[in-house]
Each structure stands twice: as structure tokens, then as C-alpha cells.
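Input: a single structure, listed below in C-alpha cells.
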Amino acid sequence: MKWALAALAAILAFAAPDFFALANLRDLALANLATLIVACGLLLVILAGEIDISVGSQFALCGWAIGFAPWAAPLAGAACGLMNGLLCGALRLPSIVVTLATMVALRDAIRWLTQGAWTRMPDGFQWFGLGQTQGQWLLIAASAALALAMGWALRNVRVMRFFYAVGASGESARLTGIPVARVRVLAFAALGLLTGLAALLNAVRFTEVQPSAGIGLELKAIAAVVVGGASIRGGRGTMLGTVLGVALLGTIGAALAFLGFSAYWEKAIQGAIILAAALAEYWEARRA
Amino acid sequence: MIRAVDVSRSFGAIRALANVTFDAQPGEVHALVGENGAGKSTLIKILTGALEPDAGTVERAGAVAAVYQQPALFGELSVAENIALLTERDSRRWLVDWSMREANARRALSRIGAEIDPRRLANTLSLPEQQMVEIAKAVATDARTVIFDEPTASLPEADSARLFDVVAELKAQGRALIYISHRLEELFRIADRVTVLRDGRRIVTNAIGEVTRASLIGQMAGREVDTMVPARETKPGEVRLRAPGLEVRAGEIVGLAGLVGAGRTELARRLFAEDAAALVPEDRRRNGVIGPMPVSDNVGLAALKTFLVDRVAERRSAESFRERLAIKCAGVDAPVETLSGGNQQKVALARWLATNPGALILDEPTQGVDVGAKAEICRLIAGLADGGMAVLLISSELPELLGLCDRIAVMRRGAIVATFHRSEAEPSRILEAMLGAAA
């Protein structure tokens, strides 16, 4: 995966050096920022051996919550995540079913709440009142800091290490004395919080957000985590891998355009990359 | 120190342990022996606290750790972290102190003389190395009692010798050790006392100096032969199943004895694939019947050869087997999971009988069924053989084999090492062959 990204960068540097213009990189970073932050949270859930496909709907709900106050977004996200977490982690309902239900239910809840209308952002909210240029760099710096902090925490915070153990074997983790249910709930709640944060940082760029925001976001983020080398079965994955996964999947479309290919190839190539990641895991498992 | 007093435990109708008293003192190695199914695993689970006894008490001084034949480490985590997850289980720290973790792991590993880099991921370790890490976990948590459950079963000779050194070291450190092994000669090297379990009961506890290999085998095997089945007249026909050292003829019941891991199930699967015999697999819940599906579908599954299911014929066949095998169920529409263990086993049997096989392989057909159902299944098997079926019966219960089989073949390490005729089959001789020649 690292090599795929390096190869893409090398081809671009040779064939389309304009790709590396600061403005282009900045726009790409802004376009992928929400995916990156959500993928940070999804990494935790996937490490713990679970899945959450409701993040796109959570994202829209959090965007609507900003209409009341900016801090309401992460709060709403954490509440959604906590609900998913209690259903999956405490009651042990299958997470694909629970989050399928919350994905659908939350999406229609937001349509009903807004009656389909766009939500106006509070006055002075845009760019946090900083102006476009500074605001843009602030967003990029904030998400980079978040990813760095998450990478550090996954290595050095004790409870974050539990995600690996729980995902590898819930039963072994339980016998080791790890509070397995609480760890699972925490993963979902943290993902909700981060989704709210992603909605907040994303909305800063606009004056209004739409109720259909975040459709397909869950697939992008899951794909990035998996392409980043995390095992969908849980227990394995890194923050660095996830960042590279977001970068590879998020830039491939723009890169194609710079190289003169049709944009219609984007999804096909993304699919091929995801499949390649799955095959890579298969080969690795066979070798071991 | 650890002591279990008068502990009993049942699983459903099966009594796994009955009034067993067992202890291990500091600085002592207490060996525990018995055939498959004698109750050793249940006793260990009760000693470690993984299982509660139905009756009786367990006193533990200090922590108890267990080292199993198959280590269960977190493969994606380092050796140091695998150890730390246990030692830090009551820790209130927020952050990981990696250098402390590594130092602790290094100290625990060096106390048992193991040279393993604590930073390595557990999935890069060999099996003996993983076992050393499991032992290091016990040392790091300062477990006062360490239980070894067949630790050498999958170890090469040289690594076994290393393990005995570690056992001696732990003993010298004043820990109480419990050691389970089928390799009896090991016990004479390392054990101080030995207890024999049979059928969930403690038969005897002796100082190791007072027993011999032969006396242990005699106590493990017991004397009783199952008389649940009346003696049969056998008229063997043509050979229906064939493997190196093994032939099963029509009308015959041949038993296959061996320790867990001797290769009996593998042989059964090979015969199933090559000789088109019907195989009723062990662990029926996982391999045998499909719980949520009705009895009729379960019976029809293997005989099904057409694209569309003939539901009427399937029902008729299920009803006839229900009568023939006396399957007790609310009806052939009842899900199999609502039946008792013995009746589930009969459904698994019916599925294969419905294919009209010439030979039948039964892998532990009476595992986990109560005594009454056991006798019924044994009579069923005898009846099938009388009707001209060639039967290969895999069982860990010697009395069952002795009572039912015309001949008993013994497997060890993947090969058949001995065959006994009904007239010459004696429990201790069969057990002797299962365990291997005395070293």
C-alpha cells in the first residue's frame, strides 16, 4: 500500500508535476478531511472487531446540530455512538445490523427534522471568523494534529491497547481481565464524537449544510481503514496505514484527472485497490 | 498452595466430576493422569476458577495460572504487552510505560531461563517459545500455583527437556505445580505425587516412588467392561473399509482407540473421502446436525441428490427413521436443537443411514449423551452391524469399545500401532499401546 502510494506520487511527479502545487494539495486535503477524521474513529471500531455503517447519517445529524451551537455537533455524535455502542457492546447485537438500522433511522430522522431544508450555520461561524485562507490552514492543521494524536494514543494510552486485544479475541481478552463490553462501547462512542468533530470542521467551509450530507461517507472511511492494512476481523491496524489509505483513495480521482484519464475510472480503480488490500491480507495470512 | 475439597460438576445429565479432592503444596509437583474424558479438564477449570463447581470448595493461596498445550497469546501484540496485559490488570495508569513493560518481561523471561526478545510480536514465536511466554506470564503475575495441561504433547524432545528444567526452577521457587501428561515416563522425572482420575472420580493418590508405569495404567484403565450390549455373533463379509493396518468387513464393528490428537479423526475423514463411507462426525453441534433446521430436513440433507426437494418423500423417510431409531421429538418438524443430545445424535446417524451406505464411521457417537441414551445408541450400532453394515467406531471410552467391538485397532501419532481381537482385548493392554512403549 505504501508502495502503491509512492508509485502514484512518482508517476505524478514525472507526468504531472502540477499536481503538487500547494493550492491543489490544500484543496485535496480539505476535500478528504472529513473522511480522515471519521476513518480515525472507524479504525478504533474495526480494531475492536466491530463495524459501524451509520457514520454517514450521524454526520448529517451533527451538521444539523451545529444550527443550534457548534459544540452540539460532537455531543450529538457521541450520543449516537453511545447508543450504537450500548446495543453492540453491552447487548452483543451484531454491529452490522444495529448500525444498518441506525443508518436508516437517523437519515430519515434528519429529513423529518429539517423537512428537507438546508440548515443555516450560525452567524460568524464560517471559517471560525478567521477568513478563508487562515481558516483553511487551521482546518488542515487541526486534522493533522488529530491524526497524530490518535497515532500516539493508539500506541501509548493503555485503554487504546485494549482495542487490539478485544478485536483479536474477545474471549482471551475477557480472561485477561479486560472490561471487554466497556471497551467496545468506548470504541463506538469515540467514533461518534469524532464524526461530530468531522461534521463541525467540514461545515466551517460553508454557510449552509444539507440533510443529505455524508451519504457514502461510511464506505469511504471503511475502505480507507481496510486499504490501510487494518484487518476487518479486528485486532490489527495502524493510524499511519489509515492516513495513507485515505490519501491513496482520496487522491486517485484527482490524480487521474491530472494524468488525462477519464474521471469515470475513479470508482473502478478504488474498487481494485480495496480488493488488492483484501488479497494482500489473504497472502499474509497464508504465509504465517 | 491450592486445594479442592469434594468438588462435583455435571454438564446436563453428564457427571464430569464426582466428589474429587485434590491439592498441590508449595514446592511440589503433583501429577494428574487419566484417560480422555476422565475429568482432568473439568478439574483444571474448577481449580483456575474458569468454572464453578456444583458442590465442594476450592481454596487458593495466591494467583493460579495455567499453561496449555496450545498457547493463547495475542498474536498482533508484543511479548512484553502480552505479559503486561496480565500484570497491569489492576493498574490505574493512563499511559503505557514501554520501557517498564519490557524490563518486566525480560525479568520474567530470565527467571525461567528463556531468551526471547520481549519486543517481538507473539505471532512470530515458535510453539515452544509461545509456551515459554505463557510460563513467563505465570511468573510475572507471581502465580503461587501453576497448572501445566499436557505441555509437552506437541513439543519436540529437546524442548520438552527445556520445559522440565523450567518446571524444576518453578518448583525451587516454592510454587505449587500441577502437571498433566499422557507421557507417563515424564512423571517419573518431575513429579512428587500422582493422582489418577477415572470417570470423574479420584481413584488414588500416591507418592511417585510408590507407583510404576504398569500400576498407573492399570488404575487409569480400570477393570470394567461395558455390558450394555449383549455379545454378538459375527459373520464377516467382504472388506468395505481399508487403511494401512486396518480392514473393516461387512457385519463387523472395529473400534479405533487412541489419545486425543493420535490422528483418529483424520483417518476417519480420509476414509470418508476415499472409500465413500458415511461419517457421523464428532462434536455434533458443530459438524453433525444443523440446530435450527427441522428433523426432517436434517435427515434428508445427505441423501438429497435432486435439484428440487421432494418434501413428501423427505418427510416419509424422516418418519420411518424416527420410528426405526426411536428418535424422541415433538414431530419431524421440530428443530433439532430442541432435542436431547442422544436424540440429536440419532438424527445425525439417520442422515447417513438415509444414503444407504455400505460402511459407517462413527466418531465419538456417545460423547456428551447420558447413560440411558448411550446404551440405546450402542444397541443401535450393534443392530446395524448385524444387518450387514461395516462399522468403524472411534471412541475415547474403552468400556464402550470393549463391549461393542469385534476388534480394536489402536492409533498413536498418526499410525495404527496394534490391533486386538475381542478375546485378547484388555483395558490395560490397549491403554499401554495408546500411550506408547515405556521409555
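The values are calculated or read from the model by the stated rules, or taken from the named source; none is laboratory data. This one's a predicted model, so the numbers in the text were calculated from it and none came from an experiment. When we count neighbours, we look across all protein chains shown, and the Cβ atoms used for this are built from the backbone with ideal geometry, even at glycine.
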Practice task
Kindly indicate whether residue A:161 is out of contact with any Ser or Thr (no Cβ under 6 Å at 6 or more places or on another chain), of a type in the set (Lys, Arg) and surrounded by 20 or more Cβ atoms within 10 Å (Cβ to Cβ).
Solution key: yes
Problem - Residue list for the range B:163-191, filter: more than 25 Å from the chain's Cα centre (by Cα) and of a type outside the set (A, V, I, L, M) - result: B:165, B:169, B:171, B:173, B:174, B:175
Exercise for the section: Using the structure shown, decide if residue B:83 is within 12 Å of chain A (Cβ to nearest Cβ), under 31 Å from the mean Cα position of the chain (by Cα), under 16 Å from residue B:141 (Cβ atoms) and touching a residue at least 24 places away in the same chain (Cβ under 8 Å). Expected result: yes
Handout entry: Scan of the range B:1-47 for residues that are of a type in the set (Gly, Ala, Ser), crowded, with 17+ Cβ neighbours inside 10 Å and within 16 Å of residue B:144 (Cα to Cα), ordered by number
Key = B:4, B:24
Problem - residue B:217 vs. criteria farther than 24 Å from residue B:374 by Cα and over 23 Å from the mean Cα position of the chain (by Cα) - result: no
Exercise for the section: Find the helices (runs of 4 or more DSSP H) located wholly in the range A:1-83 whose residues include 3 or more that are of a type outside the set (Lys, Arg), touching a strand residue (DSSP E or B) at 6+ places or on another chain (Cβ under 7 Å) and within 24 Å of residue A:244 (Cα to Cα), and list them. Expected result: none
Practice task
Report the residue count in the range B:36-52 for those that are in contact with a helix residue (DSSP H, G or I) (Cβ under 9 Å, 6 or more places away or on another chain), touching a residue at least 24 places away in the same chain (Cβ under 8 Å) and within 14 Å of chain A (Cβ to nearest Cβ).
Solution key: 1
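Condition check: over 18 Å from residue B:236 (Cα atoms) and β-branched (Val, Ile, Thr). Does residue B:408 satisfy that?
Details: over 18 Å from residue B:236 (Cα atoms): no; β-branched (Val, Ile, Thr): yes.
Taking the combined requirement at face value, the residue does not satisfy it.
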Completion exercise
The lone condition residue B:305 fails out of (1) charged (D, E, K, R); (2) in contact with a Pro (Cβ under 9 Å, 6 or more places away or on another chain); (3) in a loop (DSSP other than H, G, I, E, B) is (2)
Fill in the blank from the handout: Taking the range A:244-288 and keeping only residues that are in a helix (DSSP H, G or I), surrounded by fewer than 13 Cβ atoms within 10 Å (Cβ to Cβ) and within 14 Å of another protein chain (Cβ to nearest Cβ), one is left with A:284, A:285, A:286, A:287
Completion exercise
Filter the range A:140-158 for residues that are loosely packed, with under 14 Cβ neighbours inside 10 Å and aliphatic (A, V, I, L, M); the one that is nearest to residue A:243 (Cα to Cα) is A:148
Exercise for the section: Could you check, for the range B:53-60, whether at least one of its residues is modelled with pLDDT under 95, closer than 27 Å to residue A:235 by Cβ and more than 8 Å from chain A (Cβ to nearest Cβ)? Expected result: no
Practice task
From A:263, A:254, grab the single residue that is in contact (Cβ under 8 Å) with a residue 40 or more places away in the chain and over 20 Å from residue A:43 (Cα atoms).
Solution key: A:254
Exercise for the section: Would you be able to say whether some residue in the range A:191-212 is more than 14 Å from chain B (Cβ to nearest Cβ) and of a type in the set (D, E, K, R)? Expected result: yes
Problem - Which numbered condition residue A:123 fails, given (1) outside any loop (DSSP other than H, G, I, E, B); (2) away from chain B (no Cβ under 14 Å); (3) more than 24 Å from residue A:27 (Cα to Cα) - result: (1)
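Please work out if residue A:134 is of a type outside the set (Gly, Ala, Ser), surrounded by 15 or more Cβ atoms within 10 Å (Cβ to Cβ) and over 26 Å from residue A:240 (Cβ atoms). Please lay out each step first, then the result.
Working: of a type outside the set (Gly, Ala, Ser): yes; surrounded by 15 or more Cβ atoms within 10 Å (Cβ to Cβ): no; over 26 Å from residue A:240 (Cβ atoms): yes.
Answer is no for this residue.
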Completion exercise
Note on residue B:90: of the conditions (1) among the acidic types (Asp, Glu); (2) touching a residue at least 40 places away in the same chain (Cβ under 8 Å); (3) within 12 Å of chain A (Cβ to nearest Cβ), unmet is (2)
Problem - Leading residue by the ranking (surrounded by the most Cβ atoms within 10 Å (Cβ to Cβ)) among those in the range B:163-172 that are touching a residue at least 40 places away in the same chain (Cβ under 8 Å) and of a type outside the set (Val, Ile, Thr) - result: B:170
Handout entry: Test: residue in the range B:369-390 that is touching a residue at least 24 places away in the same chain (Cβ under 8 Å), under 30 Å from residue B:152 (Cβ atoms) and buried (at least 18 other Cβ atoms within 10 Å of the Cβ)
Key = no
Handout entry: Filtered residue count, the range A:63-92, keeping only those that are out of contact with any Leu (no Cβ under 7 Å at 6 or more places or on another chain), surrounded by 23 or more Cβ atoms within 10 Å (Cβ to Cβ) and of a type outside the set (Gly, Ala, Ser)
Key = 2
Exercise for the section: Determine if the range B:366-389 includes at least one residue that is under 28 Å from residue B:306 (Cα atoms) and acidic (Asp, Glu). Expected result: no
Exercise for the section: Filter the range B:109-157 for residues that are under 28 Å from residue A:284 (Cα atoms), of a type in the set (Val, Ile, Thr) and free of Cβ contacts under 8 Å to residues at least 60 places away in the same chain and give the result. Expected result: B:116, B:124
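Test of understanding: among B:107, B:111, B:119, which residue is within 14 Å of another protein chain (Cβ to nearest Cβ) and over 31 Å from the mean Cα position of the chain (by Cα)?
Numbers: B:107 fails: within 14 Å of another protein chain (Cβ to nearest Cβ); B:111 fails: within 14 Å of another protein chain (Cβ to nearest Cβ).
Matching residue, one of B:107, B:111, B:119: B:119.
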